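The values are calculated or read from the model by the stated rules, or taken from the named source; none is laboratory data. The structure presented is a predicted model; accordingly, all values stated were derived computationally and were not measured. All Cβ positions, glycine included, derive from the backbone under ideal geometry; neighbour counts span all protein chains shown. Only protein heavy atoms, including side chains, enter the accessible area calculation; ligands, DNA and RNA are left aside. Shrake-Rupley method; radii C 1.70, N 1.55, O 1.52, S 1.80 Å.
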Amino acid sequence: LSLDNQNATFYALEGRVLLAQKEYSRAISVNEKAISLNPTLAVAHCSLADSFAYEGRYEEALIFFNQAIEFSPNDPQLWAFYTYGALALIFKGDYVRALEWTESASNIPNYQYWTTSHKLVAHAYLENVAEVNSTKKKLLKECPAFSCSFARKKLFFLKKQSQVDTYIKGLYLAGIKEGQFPQLGD
């Protein structure tokens, strides 16, 4: 950014770093700058949506997740736009819509295990027993080391304990064990 302060992608990348550092307000500002420079940069819309979601501003988050999807319907990270949106919906308590978003994400060939995990949490809160059992098997096949401890560690970017608690409670309801599995590269 010091060499080129007009590059929207650089601002979007800075926004992701700030998000990981739990500096959501700064991430919001930086992503708004990215969007002002490139109004259709989908990744900036997604990052802005994440920042709003982690601040508990779920309706604003969903607007920007939808814009990211609309602006880049063939984006290589499209699965992530839907999956992160599903996480916001889980935090909001809208488990039915979270399932819809995870379904959209899971239809994209390169989706990752978090999509399945979010689906599992939503099913658990909705007490969909058969779906919980089949989704849990699928998740543990996709990520054999998945546990509540694993999820808690991977959710390091959340500063609201209530959001972490909501997610972990859903995993417990689904029968995911606490576990302490060593992870390569962690």
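Among the numbered conditions (1) under 12 Å from the mean Cα position of the chain (by Cα); (2) within 17 Å of Phe157 (Cα to Cα); (3) among the aliphatic types (A, V, I, L, M), the only one that Ala27 does not meet is (1). Is there a residue being open to solvent by less than 70 Å² (accessible area, probe 1.4 Å), closer than 23 Å to Ile176 by Cα and not polar (S, T, N, Q) anywhere in segment 53-62? Checking segment 53-62: not a single residue is open to solvent by less than 70 Å² (accessible area, probe 1.4 Å), closer than 23 Å to Ile176 by Cα and not polar (S, T, N, Q).
Condition test on Lys160, is it within 21 Å of Leu19 (Cβ to Cβ), modelled with pLDDT of 95 or more and among the basic types (Lys, Arg)? Yes.
State whether the residues of segment 35-45 include one that is assigned to a helix (DSSP H, G or I), touching a residue at least 60 places away in the same chain (Cβ under 8 Å) and under 14 Å from the mean Cα position of the chain (by Cα).
no
For segment 40-48, the condition holds for at least one residue, the condition being that it is under 16 Å from Trp101 (Cα atoms), touching a Phe, Trp or Tyr at 6+ places or on another chain (Cβ under 8 Å) and crowded, with 21+ Cβ neighbours inside 10 Å.
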